[in-house]
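Reading through the structure tokens given below for one structure.
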Amino acid sequence: MRDRKLLNIELGRLSSEEYREAPGTGLVVVLDNIRSAHNVGSAFRSSDSFKVDKVWLCGICATPPSAEIRKSALGAEESVPWEYAKDTLEVVSRLHEDGFTVISVEQTVESVSLEKFTPGSVTGKYALVFGNEVDGVSQEVVDASDMSLEIPQFGTKHSLNVSVAIGVVLWHFTNSRLTSQAIPESHHRVNG
């Protein structure tokens with residue numbers, strides 16, 4: 001065997017309780033009217049992987065408990081704290097009051113390409129807003145955000161599936177923290 005796959009037990013992952021007790025990352029995800037329970041579940045799974053502090057489910061989002069969410073989340077809806085709110089704008093206002101920089105992940109006239117954006121402070125608080133599968137982040141939420149980030153794309157399609165976009169953007173923010181060593185080495189695994 002040239003390169004043995006690790007067993008799950010060898011990965012040293014946190015339990016749901018340990019996840020909730022671990023230091024926060026200052027990163028939250030806001031889902032603005034995500035229709036698909038499978039996409040919501042995928043958002044939970046990616047949020048768990050990148051140690052997001054909380055997921056906000058806004059508007060028409062499915063909420064746990066849900067068999068469809070669980071199928072994609074693989075139980076991450078139990079580790080990642082979440083809250084439902086009917087109005088995304090109210091959540092954005094609350095996040096601003098709590099000191100978060102609110103960033104809509106959307107293609108706008110003034111959006112910044114993701115690879116050109118480095119979080120100003122890896123210890124800062126960021127709320128990343130991801131939008132509806134058809135319409136994206138609502139214009140009123142974009143207007144209330146501090147800025148917009150756009151994932152660069154080079155093919156014929158104008159967008160990624162929202163669950164893919166969440167993974168890409170969360171990795172970018174996580175990579176910034178890893179690069180600055182803001183995450184203790186005990187919380188991440190480096191091959192070598």
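Could we say that Ile151 is over 13 Å from Leu31 (Cα atoms) and not small (Gly, Ala, Ser) here?
yes
Considering segment 21-46 alone, what residues qualify as being crowded, with 18+ Cβ neighbours inside 10 Å, of a type in the set (Gly, Ala, Ser) and farther than 19 Å from Asn132 by Cα?
Within segment 21-46, Gly26 is the sole residue that qualifies.
For segment 22-61, how many residues are among the aliphatic types (A, V, I, L, M), within 19 Å of Glu90 (Cβ to Cβ) and assigned to a loop (DSSP other than H, G, I, E, B)?
2
Can you name the number of the only condition in (1) of a type in the set (Val, Ile, Thr); (2) outside any loop (DSSP other than H, G, I, E, B); (3) buried (at least 16 other Cβ atoms within 10 Å of the Cβ) that Ile9 fails?
(3)
Can you work out which of the residues in segment 139-170 that are among the polar types (S, T, N, Q) and farther than 11 Å from Val129 by Cβ is modelled with the lowest pLDDT?
Here the residue is Ser159.
Taking segment 99-120, which residues are assigned to a loop (DSSP other than H, G, I, E, B) and aliphatic (A, V, I, L, M)?
Of everything in segment 99-120, just one residue is assigned to a loop (DSSP other than H, G, I, E, B) and aliphatic (A, V, I, L, M), namely Val109.
Can you tell me how many residues in segment 121-143 are surrounded by fewer than 18 Cβ atoms within 10 Å (Cβ to Cβ), assigned to a helix (DSSP H, G or I) and in contact (Cβ under 8 Å) with a residue 12 or more places away in the chain?
Summing the residues that are surrounded by fewer than 18 Cβ atoms within 10 Å (Cβ to Cβ), assigned to a helix (DSSP H, G or I) and in contact (Cβ under 8 Å) with a residue 12 or more places away in the chain in segment 121-143 gives 1.
State which residue pairs qualify: first residue within 22 Å of Cys61 (Cβ to Cβ) and inside segment 162-181, second residue polar (S, T, N, Q) and assigned to a helix (DSSP H, G or I) in any location, beta carbons under 6 Å apart, and separation of 6 or more residues or different chains.
Close Cβ pairs satisfying both conditions: Val162/Asn39; Ser163/Asn39; Ser163/Ser42; Ile166/Ser46; Gly167/Ser46; Leu170/Ser46.
Can you confirm whether segment 68-79 contains a residue that is more than 12 Å from the chain's Cα centre (by Cα), under 23 Å from Glu21 (Cβ atoms) and acidic (Asp, Glu)?
For segment 68-79, residues more than 12 Å from the chain's Cα centre (by Cα), under 23 Å from Glu21 (Cβ atoms) and acidic (Asp, Glu): present.
Give the residues of segment 62-98 that are at pLDDT 95 or above, closer than 24 Å to Phe173 by Cβ and either in contact with a His (Cβ under 6 Å, 6 or more places away or on another chain) or not in a helix (DSSP H, G or I) (or both), sorted by residue number.
Result: Val80, Pro81, Trp82, Glu83, Tyr84, Ala85, Asp98.
Yes/no per residue for (1) touching a residue at least 40 places away in the same chain (Cβ under 8 Å); (2) surrounded by 18 or more Cβ atoms within 10 Å (Cβ to Cβ); (3) of a type outside the set (Gly, Ala, Ser):
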site	(1), (2), (3)
Asp48	no, yes, yes
Cys61	no, yes, yes
Ser79	yes, yes, no
Glu83	no, no, yes
Arg94	no, no, yes
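Considering each of Ser15, Ser42, Ser49 in turn, give the residue that is of a type outside the set (Lys, Arg), more than 14 Å from the chain's Cα centre (by Cα) and on the phi < 0 side of the Ramachandran plot.
From the options Ser15, Ser42, Ser49, the qualifying one is Ser15.
Can you tell me which residue within segment 64-76, out of those that are surrounded by 15 or more Cβ atoms within 10 Å (Cβ to Cβ) and in contact with a Gly (Cβ under 7 Å, 6 or more places away or on another chain), is nearest to Ser49 (Cα to Cα)?
So, considering only residues that are surrounded by 15 or more Cβ atoms within 10 Å (Cβ to Cβ) and in contact with a Gly (Cβ under 7 Å, 6 or more places away or on another chain), the one nearest to Ser49 (Cα to Cα) is Ala73.
The values are calculated or read from the model by the stated rules, or taken from the named source; none is laboratory data. This structure is a prediction, so every number in the text was calculated from the model and none was measured. We place every Cβ from the backbone using ideal geometry, glycine too, and count neighbours over all the protein chains shown.
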